[in-house]
Amino acid sequence: MTYENSEYETMPYAQAWQALQNSTIHYKGRPVGNLAACDPSVESLNYDQCFIRDFVSSALVFLIKGDAEIVRNFLVHTLELQIKQRQLDFLEPGRGLMPASFKVMHDGGEEYLKADFGERAIGRVTPVDSCLWWLFVLRAYIRATGDLSLAHSADFQKGIKLIMSLCLVARFDMYPTLLVPDAACMIDRRLDIDGRPLEIQALFYAALLTASELLLDSQENADIKQAIANRLHPLADHIRHHYWLDLKSLNAIYQYKGEEYGELATNEFNIYPDSIPYDELSRWLPEGGGYLAGNIGPSRLDCRFFSLGNLMAILSGLTTASQSQAIMHTIEQRWDDLIGKMPMKICFPALKDRDWKLLTGSDPKNRPWSYHNGGNWPVLIWLLAAAAIKTGKEEMAREALKLAASRLPNDDWPEYYDGKNGRLIGKEARKYQTWSIAGFLLAKELLSNPEHLNLVNFEEVPMYAIPLAS
């Protein structure tokens, strides 16, 4: 599709549009997704595939520009790849799981899609977030087109229920959060995020809300809809209370006593105060600021700032209005750390020295201030823009967009940037990375017309409005 909009005939937008169009994948003559990257200078590896999480920003751009066909095709064909049946009790993905990526294959005159559920990925990581992002794109598609018939079709109703069944199945866990292995989301290499990482919880909450919206009221869906309703309230309350870090909560944790027993224990997770970097945090947290911690579990509180999880928590309504404002205030006051020279840093601070060796397995790609370990990822600019619009901080996002526009085209749209302030192009970054291009365009579209926020925004659900099981 060729866009005839004078606004995009000037650099760098025209270049970005052309690069996005050049990355389109066709299946049986129809557009179905985008290549992860189109860098001719290096071996493609798996960057010649379409990743579900990568396509999210592209899908939203296409929907905004009125090209819903590619998004519909993507939704239909990825649903066909979803695991529907299991033959064994192990060595196979669970029913409901979506692939991390797919590739168009040719066998003689036939075309087919080959899915990767992590069995060929580096480190054999499980794509837990794929099914959650798929629901996010489905909801955005319906909001853009009004095509409820797609979501209400039998195949899509079954697909949504399978995802919910996979996420809500009884397991060895007592918390309302979703327990996942390391590298199960955007951070797809070992980085000590196994357990209950914030990114997954924010996506999980959005997925629960989406399924609640899209599943038909019927006897067949009654049990799963009740299970969703039962989970929403405890999940939101758990995240808002236990994950929240500001100066008040930091002072409370500083006074914790360990080894408490019983239902009235204050230190419910047996967090040892000596494990918290109080000196750094007390100086880094701005007055009036706060954010959601990266992870929490038995004797564990990960105090790193994870950008995607915090921004998605704002968009999904997982944070309260006051918490959302505090997160954006923290980003604004700690601009050099979290934005630097390229919006924005995936996590802060980086794991270094002995922690880097032990917790990443001495991963050279995730060395300090590189790749997932404190690198800057241009794709995150659309989430920053969306959260800024929702919280009335548009000017902050405009400054970030100017920063991106001044560098990304000249640097050939790299996947990520290195260095504590993001001044270095990533050591192993692919050029012409599609989600860097799409994230930039999407941020621009959102700021040009804030009404587009409706595609990705969830209103905060008051706790009294969430029904509980009797």
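The values are calculated or read from the model by the stated rules, or taken from the named source; none is laboratory data. Keep in mind it's a predicted model, so treat the numbers as computed, not measured. Virtual Cβ from ideal backbone geometry, glycine too; neighbours counted across all protein chains shown. Each accessible area value is taken on the protein alone, full model and side chains, heavy atoms only, with ligands, DNA and RNA left out. Shrake-Rupley method; radii C 1.70, N 1.55, O 1.52, S 1.80 Å.
Of note:
- Over the chain: Kirkwood hydrodynamic radius from C-alpha pairwise inverse distances, Å: 22.7
- Over 29 Å (Cα to Cα) - which of K257/K420; K65/K365; K103/K427 fall in this group: K257/K420; K65/K365
- When you count the other C-beta atoms within 10 angstrom of each residue and take the mean per peptide, 315-323, 210-218 line up highest first as 315-323, 210-218.
- Difference of contour (0.36 nm per residue) and Cα-Cα distance, E459 to V76: 135.2 nm
- Phi-based couplings in Hz for region 377-384 (Karplus 6.51, -1.76, 1.60; Gly and Pro marked x): 10, x, 4, 5, 5, 6, 5, 4
- Summary of the geometry: region 116-155 and region 334-352, compared by the centres of their Cα atoms, lie 29 Å apart.
- For region 105-241, the square roots a ≥ b ≥ c of the C-alpha gyration tensor eigenvalues yield an a/c of 1.5 or more together with a/b not exceeding b/c, which makes the shape oblate.
- Theoretical FRET efficiency, 1/(1+(r/R0)^6), r = Cβ-Cβ of N230 and K114, R0 60 Å, to 0.05: 0.95
- Separation of the alpha carbons by more than 29 angstrom is noted, of K248/K345; K352/K444; K84/K431, for K352/K444; K84/K431.
- Sorting Y416, Y278 by solvent-accessible area of protein heavy atoms yields Y278, Y416, largest first, with a 1.4 Å probe.
- Its relative contact order, with pairs defined as Cα atoms under 8 Å and 6+ residues apart, puts the chain at 16 percent.
- Modelled FRET efficiency - R0 30 Å, S362 with K28, Cβ distances, 0.05 increments: 0.10
- Cut-off 20 Å, label 7 Å out along Cα→Cβ of R171, residues of region 58-88 by amide N: 82-88
- For region 64-84, the residues whose amide N sits under 14 Å from a probe point set 7 Å from the Cα of D147 along the beta carbon direction are 64-79.
- Shape call, region 268-400: gyration tensor on alpha carbons, a/c limit 1.5: oblate
- Each Cα pair of region 51-144 feeds into the Kirkwood radius, which the Stokes-Einstein equation turns, at 4 °C and 1.567 mPa s, into a diffusion coefficient of 91 µm²/s.
- Between E213 and E399, the simple spin-label model (points 7 angstrom out along Cα→Cβ) gives 3.2 nm.
- Accessible carbon and sulfur surface of the chain relative to its total accessible area, %, 1.4 Å: 50
- With protein chains left intact and a 1.4 Å probe, residues in the chain average 43 Å² of accessible area per residue.
- Mean separation of Cα contacts under 8 Å, 6 or more apart, over the residue count of region 354-470: relative contact order %: 28
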